[in-house]
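A short write-up of the structure that comes next.
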Amino acid sequence: MTTLCRKSIAVSAAALMAVSGLTVGAATASAQTTGTENCATSQSVTKNLAGNYTVNKEVVGDGTVAPGGQVTFRTKVSGAGGLVASITDYHPAGFELVGARENVWWLVGGQKWADVTGKVTKNAANNSVKHSGSGWTTASGATATLETTYRVPADAKPGTVLNSGAATSVTAVGSIDANPIDVCVTIREPNAAEAVTGSLDGLGLGSVTSGSTAAGGISSDPSGFISDIINGLDLGKMVGLS
């Protein structure tokens, strides 16, 4: 067996052991909290615009994400019956938009979700994603929501706390601009599944960690993830036989 072969098999074995929880190690970093003392995973701002309107922003989940991972924010507008002309999400610098959805009230179908990834406007100058429309009603309890999912930079430093913001404009009555709004996300160390996924991607085995073995599925079914890796590995290529 060649040295390269032994190294390849050793790396793969180490990756499988990490996922199964046999070897897990992570350094602990202290959070940077300057300007983020009032952070929470959900915040609301209310303003009187010929009636009260409220912008609520939340980070989906526990408010933490690993470097290179994904995080989702939801910004919801409710109010006194006017028409919401736009919703803006202000995200931390370096975050890359992966997808966007709206939840608004339709004449046919009522309140429902729709993908708007290709319809939003991204502004790198102020780190924002804006969704505009002809007017989404807030009458009779209807709301307008923009959901944005981002990929976090791979070099984000664990322990860092990052603030975000939100804004909306209501046709003919005014706007609310809360930037920052103190809805924050904390960069954490990768867990075992995430660390292994990144290691396999670095070895050129990205196809093994896609689809049914994406990060969410890996953490919920590590044994299944290991089986998928074993079934997906081309050992012939690894040892140079094909």
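The values are calculated or read from the model by the stated rules, or taken from the named source; none is laboratory data. For clarity, every value in this text was computed on a predicted model and none was experimentally measured. Cβ sites come from the backbone with ideal geometry, for glycine too, and all protein chains shown count toward neighbours. To get the accessible areas, we keep the full protein, side chains included, count just its heavy atoms, and leave off ligands, DNA and RNA. Shrake-Rupley method; radii C 1.70, N 1.55, O 1.52, S 1.80 Å.
Details
- Local charge for Ala114 was computed over the other residues whose Cβ lies under 11 Å away, with Lys and Arg +1 and Asp and Glu -1, and equals 0.
- Kirkwood radius and radius of gyration were both taken over the C-alpha atoms of segment 122-201, and their ratio Rg/Rh is 1.10.
- With all protein chains modelled, accessible area of Arg151 [1.4 Å, Å²]: 100
- Peptides 44-50, 82-88, 128-134, 167-173 ranked from most to least packed give 82-88, 167-173, 128-134, 44-50, packing being the mean of other C-beta atoms within 10 angstrom over each peptide's residues.
- In this label model, Asn123 and Lys157 are separated by 2.9 nm, measuring between points 7 Å along each Cα→Cβ vector.
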